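A.B. asks: The following block contains the structure, expressed as structure tokens.
Laboratory data are not the source of any read-out in this text; all were calculated from the coordinates shown. Since this is a predicted model, take the numbers as computed values, not measurements. Cβ placement follows ideal geometry from the backbone for every residue including glycine, while neighbour counts extend to all protein chains displayed.
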Amino acid sequence: MPHNATLEGAADPHDMLSPAKKVLRSHIDALEQLLASLDDGLLKLAIRIADCRGRVILTGIGKSGIAARKIAASLAARDVAATFMHGADALHGDLGMVRADDIVIAITISGASSELLYVTRHARSIGAATVAITAVPDEVVPASCDHVVAIPALDTACDFGIAPFSSTISSIAVGDALTMLVAREIAFSRNQFARLHPAGRIGRRFRSVCELMLTGEDLPTVGPDAPVEQVIAEASRTGAGACVVVDGDGLLLGIVTDGDIRRQFLGGTASRASGLMTADPVKVGDDADQHDAFAIMRGHRIAVLPVVADDGRTLAGLLNIQDMLQAGHPEK
């Protein structure tokens, strides 16, 4: 079947992109309207979600269902007990998952979905809180809810002016905005983020230095009065490429690297670790993540990095850049 138009022979090929540009402009206009319309209603909803003792259940039909699934996943990734319930499946038994201490958020562009109307009415009947995200706030579904989040209705750029294009984008955008407000309300931390994203690029980026640093018997240490021969033996024993100098209380005094040892053989006069070491070396706290630690090592052009405890002085471990590289760093 031939295409209605081709690039070949077109007077202005760029005119063929006009439908695509129209859709993108519609998205931009919708998001600008959404931004201008934000008020403290969204903040109040975020606080309510943060205080929720049950689950946050997102529901929708069609493209709105896809948006609902995405928002549920974003909330769950911020340590919120959120889940997705398909609007159609809800009417075939899944309504049983709703409890009185839950919050049900229904996404319906038209505001008139018969399935979601049944969901919200059922949720309210058992005492659950209900929220509608919709482009038509005065329709039956939002009228049945405790809280309404209005989004722009700008779907005229799509096929026949009825398919949900910009409205779906707006639904996802307001969901993202809500997610970030909730994350702030619950004081969601980087450590929590790392705990919930143990795999992939995000997991490597935020993983704690404690998971990778050398500790215990693998941690090469000597006292300040240790002879150079002992320093060399300790550094060689672990293959860490360095030896950390600590006092009798385990406080970090300095570090001796392979480079320091080589310079000693080329004419150095030190006989003890205290004379060979770099005093007060660059270090990192044991609450740091591996991404930041790698950035410090790269910025200072060092291959090893001592890790200290909360007091900033007690040695907790040692990071080696080779271990960092094997773990998947650097992350861009």
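A.B. asks: Run the numbers on the stretch 13-188 and let me know its relative contact order in percent, using alpha-carbon pairs under 8 Å that are six or more apart. Each step should come with its number before you reach the end.
C.D. replies: Details: 328 pairs, mean separation 45.5, N = 176.
Here the relative contact order equals 26 percent.
A.B. asks: Separate question: Let me know the Rg and Dmax you get for the stretch 13-188 when you use only its Cα atoms, in Å.
C.D. replies: 16.2, 58
A.B. asks: Right, next: Amide H of Thr130: which non-local residues (sequence gap of 5 or more, or other chain) have their own amide H closer than 5 Å, using H built in the peptide plane?
C.D. replies: For Thr130, the qualifying residues are Val104, Asp146, His147.
A.B. asks: Once you treat every alpha carbon in the chain as an equal point and sum by Debye, what is log10 I(q)/I(0) at q = 0.11, 0.12, 0.15 Å⁻¹?
C.D. replies: Scattering profile of the chain, log10 relative to I(0): -0.80, -0.85, -1.08.
A.B. asks: Which listed residue (Pro152, Pro198, Thr108) has the Cα farthest towards the positive end of the charge dipole for the stretch 47-201, taking +1 on Lys and Arg C-beta and -1 on Asp and Glu C-beta about the Cα centre?
C.D. replies: Pro198
A.B. asks: Counting only GluC sites (Glu not before Pro) that are in a DSSP loop and have at most 16 other C-beta atoms within 10 Å, tell me the longest site-free stretch of the chain.
C.D. replies: On the way: sites that count: Glu8, Glu331.
Result for the longest clean stretch: 9-330.
A.B. asks: As an exercise, identify the trypsin sites (Lys or Arg not before Pro) in the stretch 213-264 lying in DSSP coil whose Cβ has no more than 15 other Cβ atoms within 10 Å.
C.D. replies: Values: sites: Arg237, Arg262, Arg263; in loops: none.
Here no loop site has a sparse enough neighbourhood.
A.B. asks: Near Lys70, which aspartates and glutamates are there with a Cα under 18 Å away, not counting those fewer than 8 places off in the same chain?
C.D. replies: The qualifying aspartates and glutamates are Asp79, Asp89, Asp176.
A.B. asks: A follow-up question, please. With each pseudo-label sitting 7 Å past Cα toward Cβ, what's the Ala81-Val282 distance in nm, one decimal?
C.D. replies: Placing both labels 7 Å along Cα→Cβ, they lie 4.5 nm apart.
A.B. asks: Provide Rg and Dmax in Å for the stretch 209-326, with only Cα atoms included in the calculation.
C.D. replies: When restricted to Cα atoms, the stretch 209-326 yields Rg and Dmax of 13.3, 39 Å.
A.B. asks: Looking at Thr221, Leu178, Cys210, which one has the Cα that reaches farthest to the positive end of the dipole of the stretch 178-270 (charges on Cβ: Lys, Arg +1; Asp, Glu -1)?
C.D. replies: Leu178
A.B. asks: Each residue of the stretch 245-262 in turn: what ³J(HN,Hα) in whole Hz from Karplus with 6.51, -1.76, 1.60 and θ = phi - 60°, glycine and Pro shown as x?
C.D. replies: 9, 10, 8, x, 9, x, 7, 5, 10, x, 9, 10, 9, 4, x, 4, 5, 5
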